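Below: one structure, written as structure tokens.
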Amino acid sequence: MKHDLKALAAVAGLALCGSVSAAGMATHALMADVGREALPDGVMKTILTQHRPSLLAGAIHPDGGYGSGAVFPEDREMAERAHWEDFNDAFIAHLRDIGCAGELRNVPLPRQPYGLLDLNALSDRCGKLIAFAFGNAAHGLTDEIWDSLFEPVVRERDLAEPAASLVQPRGHAHGPSCRNLFGPPGDAARLRRALQRGDEAAVQRALSFGPVPGIEYAMDMIAIVERNLLLDATLVAPPAADLAAVHARNRPELGITAAQVRRGFLVSRAAVLGERLIAPVEAPRMRRAMPWAAGNYHMASGGVTDSGRMVARLYEHLWAKLTADAPLPVRVIGVHPENGEHDVPVAADAAEARIRAFTGQSAPEAAVEQPGVICLFDEAGNRVPGETRSGIYDPEWGHVIDFRPDADLMPDHRYTVVVTDRLVDHFGLTPESAHSWSFRTAATPGS
């Protein structure tokens with residue numbers, strides 16, 4: 001039994017290969033699904049619900065290439081590119097080119113409020129591809145939210161590690177490759193052969209390393225048990241030819257093929273199935289190791305619910321790109337600290353004091369980091385000096401505006417943050433209005 005559990009843990013570990021800070025696959029699927037649930041009733045929500053397995057499959061899709069990249073290095077760049085907004089935009093353009101936007105225009109609206117939608121005008125192919133594209137986009141956004149807000153607090157509270165900055169260089173979503181996690185070289189060779197054959201059972205047998213005991217793995221274990229995740233993502237084969245076409249549109253120089261997409265997804269599916277089987281055994285251990293995270297991963301800032309709300313707003317941006325003549329103006333879809341939040345730590349480098357805004361559409365680094373895009377004011381109306389940075393990983397195609405004060409904040413003080421209309425996104429659009437919110441710091445530095 002122990003040997004079997006070790007093998008299954010190894011499968012789950014492949015999903016985390018090279019991921020120092022990233023939500024796990026089951027957690028990604030959960031956040032994409034919470035975003036679906038948060039949408040108002042209508043055509044978009046109906047399509048995503050009808051094709052929910054494809055939505056979840058899209059949500060686990062990007063990371064598969066990191067796992068297969070352990071033995072096929074070219075797959076790592078495939079995984080990296082699938083995380084970002086330029087890939088999402090290429091996917092939407094592909095959907096429009098193959099006629100999915102035209103099909104949506106032929107979907108008749110119900111004759112009465114809350115009436116049933118007739119989706120017969122939408123082909124099964126387009127329905128599945130739309131859901132997969134939306135899930136894929138949710139993955140990249142939730143990496144940025146979860147990694148920048150939730151995991152740093154876990155490192156401070158549960159792991160007694162500093163969370164002043166992320167260890168990854170900007171421009172890369174994940175850390176070093178998995179090659180050092182393998183046992184003897186023969187194991188890697190066996191994995192290569194198994195991936196080439198598409199043999200899922202052989203993939204599981206070839207793995208000889210245990211999972212990284214990271215936050216993402218721990219939260220996957222707990223989420224699977226507590227939320228009874230069915231993980232329908234494993235039932236859907238990836239639209240490999242379409243994904244290869246999207247990669248070719250986005251980054252033709254990479255030469256990404258349908259075969260690469262399939263072997264990356266093979267790793268994803270094996271990992272998700274492995275996690276599902278070992279979660280009942282692993283979840284109690286993870287709760288003991290990370291008690292704060294286990295109790296707060298759903299409701300904390302940057303956790304599942306917070307991320308899901310922002311994902312719903314991202315879906316609205318994607319829907320406008322697919323169905324409308326023009327994308328929505330760039331807007332703030334989430335903030336930290338929350339509007340009206342109290343007892344925010346005063347230390348500028350504290351994880352829970354990070355001042356961040358998340359946008360539904362990415363903006364280039366040069367546009368985000370110009371003066372006056374985001375401003376912090378004290379309660380007397382004085383502007384607080386600090387540095388503005390774009391993204392936490394890819395500064396050109398991310399969704400994060402990060403403001404870091406030059407010094408610690410004052411205790412028991414009300415601060416106001418403003419994202420101004422100086423922000424310009426990749427489409428050249430500015431916000432329709434400034435977005436502001438306020439928070440209050442803790443009464444004493446140590447509270």
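Could you tell me which of rounded, prolate or oblate describes region 196-345, using a ≥ b ≥ c as the square roots of the eigenvalues of the alpha-carbon gyration tensor, with rounded for a/c under 1.5 and, failing that, prolate when a/b is larger than b/c and oblate otherwise?
Numbers: a/c = 2.40, a/b = 1.04, b/c = 2.30.
In terms of gyration-tensor shape, oblate.
Rounded to the nearest 10 Å², what accessible area does T388 show when all protein chains are kept and the probe is 1.4 Å?
Number for this one is 30 Å².
HN-Hα J couplings of region 434-442 from phi, Karplus 6.51/-1.76/1.60, θ = phi - 60°, integer Hz, Gly and Pro as x?
Result, rounded to whole Hz: 5, 10, 10, 7, 9, 8, 10, 7, 5.
Round to the nearest 10 and report in Å² the accessible area of W319, as given by a 1.4 Å probe over the protein chains' heavy atoms.
Counting only protein heavy atoms, W319 exposes about 50 Å² to solvent.
What does the accessible area per residue of region 388-447 come to in Å², with a 1.4 Å probe and no ligands, DNA or RNA counted?
Numbers: 2730 Å² over 60 residues.
Result: 45 Å² of accessible area for each residue.
Under the Karplus relation 6.51 cos²θ - 1.76 cosθ + 1.60, θ = phi - 60°, what is the ordered set of whole-Hz ³J(HN,Hα) values for region 330-341, x standing for Gly and Pro?
Values per residue, Gly and Pro as x: 4, 8, 7, 10, x, 9, 8, x, 5, 4, x, 5 Hz.
Calculate the translational D of region 282-398 in whole µm² s⁻¹ from Stokes-Einstein, where the hydrodynamic radius comes from the Kirkwood formula applied to all Cα pairs, the temperature is 25 °C and the viscosity 0.890 mPa s. Write out the running numbers ahead of the final one.
Working: Rh = 16.8 Å.
For these conditions, the coefficient is 146 µm²/s.
Can you list residues from other chains, or at least 5 along the same chain, whose modelled amide H is less than 5 Å from the amide H of A348?
Those qualifying (amide H under 5 Å, at least 5 residues apart or on another chain) are D408, L409.
Probe 1.4 Å, all protein chains in place: accessible area of D41 in Å², nearest 10?
120 Å²
So, with a 1.4 angstrom probe, what is the percent of accessible area on region 203-326 that is carbon and sulfur?
Working: 2590 of 4740 Å².
Summing carbon and sulfur atoms, their accessible area is 55 percent of the total for region 203-326.
The values are calculated or read from the model by the stated rules, or taken from the named source; none is laboratory data. Treat the numbers as computed from the prediction; the structure is a model and nothing was measured. To get the accessible areas, we keep the full protein, side chains included, count just its heavy atoms, and leave off ligands, DNA and RNA. Shrake-Rupley method; radii C 1.70, N 1.55, O 1.52, S 1.80 Å.
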